Amino acid sequence: MQNLEPILIFITVAEMGSFTHAADSLGIQKGRASTAVRKLEEDIGVRLLHRTTRSVQLTEDGRVFHARARDLLAEVDDLHSMFASDQVALRGRLRVDLPSELARTTIVPALPTFMATYPELELEMSSTDRQVDLVQEGFDCVLRLGPIGDETLIARPLGKLRMINAASPAYLARHGVPRSLDDLQHQEHRVVHFARTLGAKPYGWEYPHGDGYARLQLRGALHVNSVQAYEAAGVAGLGLIQAPLLGIGSYLESGALIEFLPDFQHRPLDVSLVVAHRRNLSRRVRAFMKWIETVLAPHLE
């Protein structure tokens, strides 16, 4: 399918907004990517991209061509995999993004089995607590915690993570163990604030209320944007935290953290696999998604 290579290069450049990033993603030279797109434009007789020194954007014709080209590649991929046996080796590059703590505690430890099953697959794994842009950053699949937000994305819900209220023994010795929501305020408890973007308004302390959930705004001197830093701050006695049991289970078992107010937990955290286009799932992506579901199933409600 060599004739489709310029189309694949064009789609990647258009979605990543950069010849350099697209070339890196595809594992080719930037000059080759630029030449391929220029030749494609000459062949079809229209300009597909506006190029400046700082950005690459689709023209109106480019937007129409991009939509049709994506459908074409999806159909070709479906044809390739239609009669392929599950025993046929998976090849190529797979680019995924995972929440940092799930990657550390659960997915990476299980990864040797996946890599041994598909030894010819090249896996690029990002591990971050921010919400990446699937299209602009060229991800095939991401594992996302919490609400999806972007209705243009395709999400496959996997289940929910149980959330725990926890604090260190040293912190509770100083401030007292809260037995009620009123204690959180009367005992002048402090929380560790987590936000993906530093400077954002604190989310608050969430608890069940009626048919839904409400929040208490509690004081806190520390704001973090990393899950690992959030958990470490709780262990260090810097404040109360609300975190998934899957991430802090070992701290609870060792006594480094103690659970409190078990009847007033944060809502369970949604776990979803997210892709940009339902019709563009290669065998590589499908295999990875199936494996992730198997790995996470024992930990989800």
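Structure values in brief
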{"item": "Condition check for Gly237: open to solvent by less than 50 Å² (accessible area, probe 1.4 Å), small (Gly, Ala, Ser), at pLDDT 95 or above and in a loop (DSSP other than H, G, I, E, B)", "result": "yes"}
{"item": "Matching entry among Gly210, Gly204, Gly199 (being of a type outside the set (D, E, K, R) and within 16 Å of Asp263 (Cβ to Cβ))", "result": "Gly210"}
{"item": "Complete set of residues in region 112-152 that are open to solvent by 30 Å² or more (accessible area, probe 1.4 Å) and assigned to a strand (DSSP E or B)", "result": "Glu122, Leu123, Glu124, Met125, Ser126, Ser127, Leu145"}
{"item": "Subset of region 50-68 (residues that are in a helix (DSSP H, G or I) and either touching a residue at least 12 places away in the same chain (Cβ under 8 Å) or of a type in the set (A, V, I, L, M, F, W, C) (or both))", "result": "Asp61, Gly62, Val64, Phe65, His66, Ala67"}
{"item": "Residue list for region 30-49, filter: in a helix (DSSP H, G or I) and either touching a residue at least 40 places away in the same chain (Cβ under 8 Å) or not basic (Lys, Arg) (or both)", "result": "Gly31, Ala33, Ser34, Thr35, Ala36, Val37, Leu40, Glu41, Glu42, Asp43, Ile44"}
{"item": "Any hit, region 202-215, residues being crowded, with 18+ Cβ neighbours inside 10 Å, modelled with pLDDT under 90 and not hydrophobic (A, V, I, L, M, F, W, C)", "result": "no"}
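The values are calculated or read from the model by the stated rules, or taken from the named source; none is laboratory data. Keep in mind that this is a model prediction, so the values were computed, not measured. Every residue, glycine among them, receives a Cβ derived from its backbone with ideal geometry; neighbour counts consider all protein chains shown. Protein only, heavy atoms only, side chains kept; ligands, DNA and RNA dropped before computing areas. Shrake-Rupley method; radii C 1.70, N 1.55, O 1.52, S 1.80 Å.
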